[in-house]
Amino acid sequence: MNKILKSFVMGLLSVCVASSTAFASTITPSETSISLQKGETQISFDIILETDSAFAGAEFGILPSNTDVTLESLVFSDELKNESKVQTVKDNCLYFGFFSSENKYAAGKYTVATVNYKYSGSSTRTITLKDSKIVTIDEETKKTSGDTSTPSFTVTIKRTGNGSSSGGGSSGNTGGNTTQIPDIRVPSTDQPYDNTKFEDISSHWAKEYIEKAVSKGFFNGTSETSFSPDLAVSRAMAVTVLGRFAKAENVEKQTVFTDVAENSYYASYVAWGVQQGVVKGISETEFAPDMSITREQISAMIIRYLNAAKIPLPNTSDVIKTHRDYSDISEYAVNDMTLCYDMGLITGHDTGLLAPQGNLTRAEFSVIMLRLNDYITSVQ
């Protein structure tokens, strides 16, 4: 289990795996069989959780049968938008989860998230629920327990046309937003960038920020008509945005990381990030470009970037400690997140929580980069 997932599990108040009471739950996909016509590559289905008792959170791990079934995105439902969430990929298995500090979810059925995969091959493939844990909190002792007895499920993917294809299209559930992993290309400066084409930000709280961030070339859309504001930011995405913000050019693409292809859009920025001390690998040979980044991790990256660029930093204050989840910040990130908070780059959610180990979204990152730009301008 990777570092982020370990942090999440530790954040569940030291979850005890053994459950003292019987807990019945089912986890099912909205589609158990998905047929792809010739030219179709998109796979989309919902993860649905049903329980007979109140609970505080849940963890899941879903694994494709082959590495040619690739994850494009995971979109949590609106019901969970204010909860602490995590998602990461390890050995092609998608781990994700959410957690509240109390048993706020009553017995019932919940759509947890929409999962989007891509497959262009011709053979039959499957996606299986590999792991799961439903977390509850004892009202008297405040200790947590995790039930792992929920049965697994399998989604079967079949190709009904002949041969593979690189074309578009979609199949399966259409209840969520199907998005693509963004390449974050900087828009051409030869012509104005049309922000109005993003259909998924018209009523989003960060609409104006997103439009401004795009116009400055910090971001591009995930498709011609989508920005995917609530999509989690990956490590590759984060270092690319910072690298382009820093105008890092003509950087050698070759790195020591075996999971960073030289022809990937982020290769030169990963190399730049490592050279500048902005980012490190998760091991000597792995960078984990698709791993989601948390709010405390982006804080650390930004402060490392500012130090490398010799940008003056403010003195820290204790204001951030007024947030009740301040103690959830990992030890290594306390100073970095405090600095970002005092600079106004990161603020608490409407709930009053900092959510340091919650995933950073593209909308949040847009706001942070605009504020970072303003801060640097103010001190130079």
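If you filter segment 126-161 down to residues that are more than 27 Å from the chain's Cα centre (by Cα) and under 30 Å from K38 (Cβ atoms), you find that the one that is surrounded by the most Cβ atoms within 10 Å (Cβ to Cβ) is R159.
For the criterion of being in contact (Cβ under 8 Å) with a residue 24 or more places away in the chain and in contact with a helix residue (DSSP H, G or I) (Cβ under 6 Å, 6 or more places away or on another chain), Y95 passes. In segment 66-84, is there at least one residue being more than 19 Å from the chain's Cα centre (by Cα), polar (S, T, N, Q) and closer than 22 Å to F153 by Cα? Looking for residues that are more than 19 Å from the chain's Cα centre (by Cα), polar (S, T, N, Q) and closer than 22 Å to F153 by Cα, one finds at least one in segment 66-84, hence yes. Somewhere in segment 68-88, is a residue over 16 Å from T114 (Cβ atoms), buried (at least 23 other Cβ atoms within 10 Å of the Cβ), touching a Leu at 6+ places or on another chain (Cβ under 8 Å) and in contact (Cβ under 8 Å) with a residue 40 or more places away in the chain? Yes: segment 68-88 contains one or more residues that are over 16 Å from T114 (Cβ atoms), buried (at least 23 other Cβ atoms within 10 Å of the Cβ), touching a Leu at 6+ places or on another chain (Cβ under 8 Å) and in contact (Cβ under 8 Å) with a residue 40 or more places away in the chain. Among the residues of segment 288-345, the ones that are within 26 Å of the chain's Cα centre (by Cα), in a loop (DSSP other than H, G, I, E, B) and polar (S, T, N, Q) come to 1 in all.
In summary, helices (runs of 4 or more DSSP H) completely within segment 202-280 and bearing 1 or more residues that are at pLDDT 90 or above and within 20 Å of M291 (Cβ to Cβ) occur at 235-245, 267-276. Taking the stated definitions as given, is G348 among the small types (G, A, S) and touching a His at 6+ places or on another chain (Cβ under 8 Å)? So G348 passes the test.
Which of the residues that make up segment 24-65 are more than 25 Å from K109 (Cα to Cα), of a type outside the set (K, R) and surrounded by fewer than 16 Cβ atoms within 10 Å (Cβ to Cβ)? Passing the criteria: S35, Q37, G39.
Quick check on segment 312-319. Is at least one of its residues touching a residue at least 24 places away in the same chain (Cβ under 8 Å) and closer than 18 Å to V274 by Cβ? Within segment 312-319 (the criterion being touching a residue at least 24 places away in the same chain (Cβ under 8 Å) and closer than 18 Å to V274 by Cβ), the answer is no, since none of the residues qualifies.
Within segment 65-102, being part of a strand (DSSP E or B), modelled with pLDDT of 80 or more and either out of contact with any strand residue (DSSP E or B) (no Cβ under 8 Å at 6 or more places or on another chain) or among the acidic types (D, E) (or both) holds for one residue alone: E72. Can you tell me how many residues within segment 294-326 are under 21 Å from Q87 (Cα atoms), polar (S, T, N, Q) and at pLDDT below 95? Of the residues in segment 294-326, 2 are under 21 Å from Q87 (Cα atoms), polar (S, T, N, Q) and at pLDDT below 95.
The values are calculated or read from the model by the stated rules, or taken from the named source; none is laboratory data. Note that this is a predicted model, so its numbers are computed, not measured. Ideal geometry is used to build each Cβ from the backbone, glycine not excepted, and the neighbour counts take in all protein chains shown.
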